[in-house]
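Here's the structure, in structure tokens; my notes come after.
Rule-based calculations on the coordinates, nothing more; no lab input. Note that the structure is a prediction, hence the values are computed from the model and not measured. Cβ sites come from the backbone with ideal geometry, for glycine too, and all protein chains shown count toward neighbours.
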């Protein structure tokens, strides 16, 4: 039984509360909702709700909890944020970037999966001038909406020079990603155990 696949039953597209065709006839949406509510790890429960069940109402709570987790990791590990940045904001940006990659893997971080970008500032590039409000194809993903972020793109999103990112922050960012992977595994394991008991 794969709990991640079962969580899809909680999406807004599924609206029947009787027994669902899951191959496991005894599990209902109520069983899944109850099992999620009983997971003791709050971040894990929220992450599963947002990532697998598309319950984006929980995204703000998840964002805050992941941010606080990253701040706590920074204190435990003695990470010193860049001097030109405010610590809480820097770690919040770092947490949000890691969370976005965890929830929407391989989604382009520049266009957020749409494949196009709306120009908000007047930019001059070569001979072409791009106007405010103009919709252009995303250059990062070539209009597909899918792209695994490179270290260069992550550094650019965090407004840090690439050399500084690679020397100091790439390993910190990997630690945050590993922590989110652990949280997801904890949540899926707890959900699996809860569903076996129902």
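Key figures for this structure:
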{"quantity": "Label-zone membership for the stretch 161-186, site residue 89, 7 angstrom Cα→C-beta point, backbone N under 17 Å", "calculated": "161"}
{"quantity": "For 179, 76, order by how many other beta-carbon atoms lie within 10 Å, fewest first", "calculated": "76, 179"}
{"quantity": "Shape of the stretch 53-198, Cα gyration tensor, a/c cut at 1.5", "calculated": "oblate"}
{"quantity": "Order of 28, 144 - criterion: other Cβ atoms within 10 Å of each residue's Cβ, fewest first", "calculated": "144, 28"}
